Each structure stands twice: as C-alpha cells, then as structure tokens.
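Q: Got a structure for you, questions after.
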Amino acid sequence: MNESFLDGAQQVVIIGTDCPELDERILGDAFKALQTHPVVFGPACDGGYYLVGLSAPCPAVFQNINWGSSEVLRQSLAAAPDALMLETLPDVDLPEDLPAAMIALGHDLGL
C-alpha cells in the first residue's frame, strides 16, 4: 500500500483472494467510502477482513495484529476507530468453508 501512495495513489484498496462473494459493487463502495473516511474495512464473518482501504498511509492498522486469529479486525480497528465498515462476508479459510462458498456463488455441488 505504501508503494502505491508513494507512486501517487490517493486511495488504495487491497483484498483477500478467499472471499468469493466480493464483487465490483463492494469494491466501488470501498472507493466511494474513502472519499469521506480515512479507512474502510470489509469485515469477514470469522473476525478478520476481506478488504482494507486507505486514503493515506496508516501503518498502525497493520501493526501488533494477531494475524490468523478472530481478533484481527478488532485489533486493526484500535488503530482506526473512525473506519467505515462495509458488509460482512464469509471467507474461505478451511476446506470445510468451501461448500458454503460454492453454494453462495450458485454452484450445484451435486450432493
């Protein structure tokens, strides 16, 4: 994110690749939110997040985080209490998360 800001970006959004319900509408909402909020999060059901966006560098959002735990979002919010929250979505962290994600995307698992 810092490199993008150094290259002149005024808004930067990064996403996880494990959230199949993330779509262009949500990405658009994130960039729109960054026009009026310094930080935006897309919370995941497990206590993490599938998206984080910044309108300026904010390294504290990524420091002292217990990555991989259910505390990730809460700990990140401590550094950005004015963050805007997008809708909560499920992500895929474990093999047992995949069937629900596939069904949510409209795939028939044939079970």
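Q: Just one of [x] 13.7, 42; [y] 14.9, 50; [z] 13.4, 39 is Rg and Dmax of the Cα atoms in Å as worked out from the coordinates here. Which one is it?
A: Only one option fits the structure, namely [y].
Q: While we're here: GNM, the chain, Cα, under 10 Å: largest mean-square fluctuation among 47, 28, 16?
A: Answer for the Gaussian network model of the chain: 28.
Q: What FRET efficiency, computed as 1/(1 + (r/R0)^6) with R0 = 35 Å and r the Cβ-Cβ distance, is obtained for residue 60 and residue 102, rounded to the nearest 0.05?
A: Working: r = 36 Å, r/R0 = 1.04.
That gives a FRET efficiency of 0.45.
Q: A further question on this structure: Roughly how many nanometres apart are two label points built 7 Å out from the Cα toward the Cβ at residue 2 and residue 25?
A: Between residue 2 and residue 25, the label points sit 3.7 nm apart.
Q: Let me ask something additional. Could you pull out the longest piece of the chain with no exposed loop GluC sites (Glu not before Pro) in it, calling a site exposed if DSSP puts it outside H, G, I, E, B and it has at most 16 other Cβ atoms within 10 Å? Each step should come with its number before you reach the end.
A: Details: sites that count: 21, 71, 87.
In the chain, the maximal stretch lacking such sites is 22-70.
Q: Connecting C-alpha atoms closer than 10 Å in a GNM of the chain, tell me which of 82, 91, 23 has the biggest fluctuation.
A: Comparing 82, 91, 23 in the GNM, the peak value goes to 23.
Q: Name the residue, out of 56, 83, 33, whose mean-square fluctuation peaks in a Gaussian network model built on the chain with Cα pairs under 10 Å.
A: 56
Q: Just to verify a number: FRET efficiency for residue 71 and residue 17, C-beta to C-beta distance, R0 = 22 Å, to 0.05?
A: Details: r = 22 Å, r/R0 = 0.98.
Given R0 = 22 Å and the Cβ-Cβ separation, E is 0.55.
Q: Counting other Cβ atoms within 10 Å, keep those with at most 10, restrict to DSSP loop, and tell me which chymotrypsin sites (Phe, Trp or Tyr not before Pro) in region 28-69 are left. Don't jump to the answer; show the numbers that get you there.
A: Values: sites: 31, 41, 49, 50, 62, 67; in loops: 67.
The qualifying sites are 67.
Q: Measuring with a 1.4 Å probe in the full set of protein chains, what accessible area per residue, in whole Å², belongs to region 1-47?
A: On the way: 2800 Å² over 47 residues.
Result: 60 Å² per residue.
The values are calculated or read from the model by the stated rules, or taken from the named source; none is laboratory data. None of the values given here were measured: they were computed from a predicted structure. Using ideal geometry, Cβ is built from the backbone for each residue, glycine included, and neighbour counts are taken over all protein chains shown. Each accessible area value is taken on the protein alone, full model and side chains, heavy atoms only, with ligands, DNA and RNA left out. Shrake-Rupley method; radii C 1.70, N 1.55, O 1.52, S 1.80 Å.
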